[in-house]
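J.: My structure is below; once you've seen it, I'll send some questions.
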Amino acid sequence: MNSNRRTPLTHRTGRFALALGLALAASAASAQSWNYESTKKGGRGKAAGETAHGVVTLEERDGKAFFRLVGGPDNLCLRGEMPAKVTRTAETTTIEPQSSLPDCEAFRLVIRNDGSGGERETRRGDAWIPGKNEHGLTPIR
């Protein structure tokens with residue numbers, strides 16, 4: 001007698017478990033990505049001081065948000081995945097990475113939801129100050 005034989009009940013149970021697992025995986029994480037560049041405002045190309053290209057990814061899973069910048073500036077404070085605070089309005093999505101390293105400058109990305117880009121802001125005291133460079137921040141579709 002073959003002990004590995006599937007019965008109709010175990011076959012249905014297996015298909016249900018697989019479907020449930022796929023549904024949970026799909027709902028447990030969602031990610032958005034944007035192009036990231038650093039260019040002097042009003043300029044384009046090397047003559048304008050283009051310094052970095054990369055991809056910003058915001059992944060939300062298990063009720064928490066995580067920021068990652070792949071490529072972009074070579075900065076120890078930006079390496080790897082880190083927790084982020086995310087604020088959404090009808091007009092913008094604001095991502096504030098939470099670095100665990102000491103002496104890392106607090107910053108946030110304010111991304112326009114219409115796909116037209118966004119900017120990087122740096123915290124100075126209690127105020128958020130817009131950066132001097134353009135950062136693209138257009139969605140990757």
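J.: Ranking request for peptides 55-62, 66-73: highest mean number of other beta-carbon atoms within 10 Å first, then the rest in descending order.
T.: 66-73, 55-62
J.: Something else: Once the Cβ-Cβ distance between A106 and R141 is put in as r, and R0 is 22 Å, what FRET efficiency do you end up with, to the nearest 0.05?
T.: 0.15
J.: Applying a 10 Å radius around every beta-carbon, put 109-115, 97-103, 123-129 in order of their mean neighbour count, most first.
T.: 109-115, 97-103, 123-129
J.: Per the Kirkwood formula on distinct C-alpha pairs, the Rh of region 72-141 is how many angstrom?
T.: In region 72-141 this quantity evaluates to 13.0 Å.
Read-outs throughout are calculated quantities, based only on the coordinates presented, and are distinct from any laboratory measurement. These numbers were taken from a predicted model, which means no experiment stands behind them. Here Cβ is always computed from backbone atoms with ideal geometry, including for glycine, and neighbour counts include all displayed protein chains.
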